[in-house]
Amino acid sequence: MANEKQYRYRTVFVATRGVKEYRASINQYINRHDIVLEIGCEWGTTSELIYPKCKQLIATDISSECILRAKQMRSEIHFETLDVYDLKSALSFGLGFTKMYIDVSGLSGYRSLLDVIALLNTSAAAFPIQAIVVKSGALKDFAKKCVAWDG
Ligand SMILES: C[S@@+](CC[C@H](N)C(=O)[O-])C[C@H]1O[C@@H](n2cnc3c(N)ncnc32)[C@H](O)[C@@H]1O
């Protein structure tokens, strides 16, 4: 039964629809103290916007081709290959990530809502994350329909 010993994270989950909203959130959610893990960086277009605003950024993608190109295009940024579901490797970076940006193909669609929620839950439990921004129209619609009962 749930009790006061039950783990409760303090992470805020931010659902954005489309890359424009995803990138627009950077000004609000990233500050110069943040250690950021970006997942699904492709060749670093969003990484380039996050990088100057934070203390440290690791930008990652499952595709080694993307990461190779990202490193060639933006040598000042730290890029790594990472699968969004490989939490063990994310932990092996040895950093206390405070913000996470997730834009992974396959997770943005309407059939992926449960996968996105599960991913947010496990990521928030593993790191001292203040906010996770995810590109997911499905989560945004779902969040709009949720009401936290305060009666
Ligand atoms: C829409 S693109 C990302 C665009 C990028 N965020 C930007 O703002 O320019 C989606 C990326 O997700 C990556 N991806 C797909 N499956 C992944 C996974 N399981 N883990 C990490 N990245 C993944 C793809 O390789 C692709 O580069």
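Laid out as a table, the results:
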| quantity | calculated |
| --- | --- |
| Residues being near the ligand (Cβ under 8 Å from one of its atoms) and either loosely packed, with under 15 Cβ neighbours inside 10 Å or of a type in the set (Val, Ile, Thr) (or both) - total across region 17-49 | 4 |
| Only listed residue being among the aliphatic types (A, V, I, L, M) and farther than 16 Å from Tyr29 by Cα, chosen from Ala131, Ala59 | Ala59 |
| Failed condition for Leu139, given (1) assigned to a loop (DSSP other than H, G, I, E, B); (2) modelled with pLDDT of 95 or more; (3) within 23 Å of Asn27 (Cα to Cα) | (1) |
| Strands (runs of 3 or more DSSP E) (entirely within region 1-120) containing at least 2 residues that are touching a Lys or Arg at 6+ places or on another chain (Cβ under 8 Å) and over 22 Å from Lys144 (Cα atoms) | 35-39 |
| Long-range neighbours under 8 Å by Cβ, at least six apart or interchain, first residue touching a residue at least 40 places away in the same chain (Cβ under 8 Å) within region 82-97, second of a type outside the set (D, E, K, R) and surrounded by fewer than 14 Cβ atoms within 10 Å (Cβ to Cβ) | Leu82/Ser89; Gly96/Pro128; Phe97/Pro128 |
| Flag if Ala125 is crowded, with 20+ Cβ neighbours inside 10 Å and assigned to a helix (DSSP H, G or I) | no |
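The values are calculated or read from the model by the stated rules, or taken from the named source; none is laboratory data. Note that this is a predicted model, so its numbers are computed, not measured. Cβ atoms come from the backbone with ideal geometry, glycine included; neighbour counts cover every protein chain shown.
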